[in-house]
Amino acid sequence: MNQKQNPSQHKSGFAVMIGRSNVGKSTLMNAMVGSKIAITTPKPQTTRLPIQGVLTRDEGQIVFIDTPGLFKNMKDRLTKKLNQSVMDSLEEVDVLLHVVDPTREIGEEEKYVMQILEKIDRPKILVINKMDLQRKPFYDFYKDLSDKYDDVVEVSAANQSHVKPLIEIIFKYLPESVDYYPAGQLTNLSNNLWLAELIREKLFLRLRQEVPYSTHVIVEEMDRREDGMLYIKATIFTTEDRYKRIIIGKGGRGIKEIGQSTRKELEAVMNCKVFLDLTVDVNPHWVEQYL
Ligand SMILES: Nc1nc2c(ncn2[C@@H]2O[C@H](COP(=O)(O)OP(=O)(O)OP(=O)(O)O)[C@@H](O)[C@H]2O)c(=O)[nH]1
Ligand SMILES: [Mg+2]
């Protein structure tokens, strides 16, 4: 916390992003923070833990909390854990961002989110995302919900359009306070967790059907070698042996591709050579053990 800040001129607080899966919550948070904090994929249930992204400016600080997509009527262990983590994120919040996708009909999940929002006495912003898309058949339905919210903003997280006006609006609702994080810190995620997420993104992009949902990644070691190379050892856990075979692929081709795409992105971000040692292991209990 910066002691020099005068709280009476400085605003700071928590903005929670909530919504059904795949509406673009994580893409939007990354666009607002200006860095890839959360992973994003075209698959539902990409985000598995609340992730904070921090935007620091002279006038104050917004701590975004990106949450997993809410699901209704899905009773599996993973979904239960994810829904619970969304509810936990709502405990301390200054402003709520309900992110919606106008290409998809208002469904059970949307109504569920609105029920949750109704019970929380905090400013609420409806964010209509994906405005870059030509076909938005349900746009008017979302627009009709406007009077339930303090503000409505239309954005394209993918094209980063109208993101700045949204940031200004969020600041309007934040209380006067000093910063929560030191300037320069962009997230609460440790390097190991962020890296595990990056590997999981590559798994989600490559694997199909139920297989990505059977996986969890743990980074065991990250070490800078004398020659400047970054050495990383990570394990991909999956629930069954048949999934392990799919992930490894014929002649190890699958795991090789996952390793290569992770390494390529890491080398660009870290600006150094990376050695990635990936292992696949069966553990049917990772949901209970790690989430
Ligand atoms: N066309 C378009 N696509 C977008 C936009 N924002 C996000 N997407 C895409 O929508 C998909 C889902 O994005 P995510 O950011 O992972 O969505 P999410 O709401 O965080 O999803 P969960 O973590 O599963 O709850 C990805 O394929 C994104 O590229 C946008 O503004 N326009
Ligand atoms: Mg997400």
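Observations on the model:
- Scanning the range 201-211 turns up one or more residues that are in the same structural domain as L278 (by TED's automatic domain parsing), over 16 Å from I258 (Cβ atoms) and surrounded by fewer than 19 Cβ atoms within 10 Å (Cβ to Cβ).
- So E105, is it touching a residue at least 60 places away in the same chain (Cβ under 8 Å) and either among the charged types (D, E, K, R) or in contact with a strand residue (DSSP E or B) (Cβ under 8 Å, 6 or more places away or on another chain) (or both): no
- Applying the criterion of being small (G, A, S) and outside any loop (DSSP other than H, G, I, E, B) to the residues of the range 22-45, the residue that is farthest from ligand 1 (Cβ to nearest atom) is A31.
- If you go through the range 29-57 and keep only what is more than 9 Å from ligand 2 (Cβ to nearest atom) and under 11 Å from the mean Cα position of the chain (by Cα), you end up with N30, K36, I37, L49, P50, Q52, G53.
- Counted residues, the range 117-146 - those being within 16 Å of ligand 1 (Cβ to nearest atom) and among the hydroxyl-bearing types (S, T, Y): 2
- Taking the criterion of being out of contact with any Gly (no Cβ under 9 Å at 6 or more places or on another chain) and closer than 16 Å to G34 by Cα, the residues of the range 165-187 that qualify are P165, L166, I167, E168, A183, G184, Q185.
- When restricted to residues that are under 25 Å from the mean Cα position of the chain (by Cα), under 20 Å from A268 (Cα atoms) and not aliphatic (A, V, I, L, M), the range 222-257 contains 2.
- Single residue of the range 129-184 satisfying the filter (touching a Ser or Thr at 6+ places or on another chain (Cβ under 9 Å) and basic (K, R)) that is farthest from I65 (Cα to Cα): R135
- Of the helices (runs of 4 or more DSSP H) lying entirely inside the range 113-217, the ones with 3 or more residues being under 30 Å from T56 (Cβ atoms) are found at 163-172, 191-206.
- In the range 273-291, the residues that are surrounded by 14 or more Cβ atoms within 10 Å (Cβ to Cβ) and of a type outside the set (V, I, T): K273, L276, L278, N283, W286, Y290, L291
- Residues in the range 37-93 that are among the aromatic types (F, W, Y) and at pLDDT below 95: F71 alone.
- Total residues in the range 17-28, condition near ligand 2 (Cβ under 8 Å from one of its atoms) and of a type in the set (D, E, K, R): 1
- Pairs meeting the criteria (first residue in the range 62-80 and in the same structural domain as G107 (by TED's automatic domain parsing), second residue in a loop (DSSP other than H, G, I, E, B) and more than 15 Å from ligand 1 (Cβ to nearest atom), beta carbons under 6 Å, at least 6 apart or on different chains) are V63/Y180.
- Among (1) within 15 Å of ligand 1 (Cβ to nearest atom); (2) touching a His at 6+ places or on another chain (Cβ under 9 Å), the one test that E109 misses: (2)
- Of all residues in the range 75-93 being away from ligand 1 (no atom under 13 Å from the Cβ) and closer than 21 Å to T239 by Cβ, the one that is surrounded by the most Cβ atoms within 10 Å (Cβ to Cβ): K81
- Criterion (surrounded by fewer than 18 Cβ atoms within 10 Å (Cβ to Cβ), within 16 Å of E201 (Cβ to Cβ) and either free of Cβ contacts under 8 Å to residues at least 24 places away in the same chain or among the aromatic types (F, W, Y) (or both)) met by exactly one of E257, E267: E267
The values are calculated or read from the model by the stated rules, or taken from the named source; none is laboratory data. In this text, all values refer to a predicted model and were calculated from it rather than measured experimentally. Because the Cβ atoms are built from the backbone with ideal geometry, glycine has one as well, and the counts that use them run over all protein chains shown.
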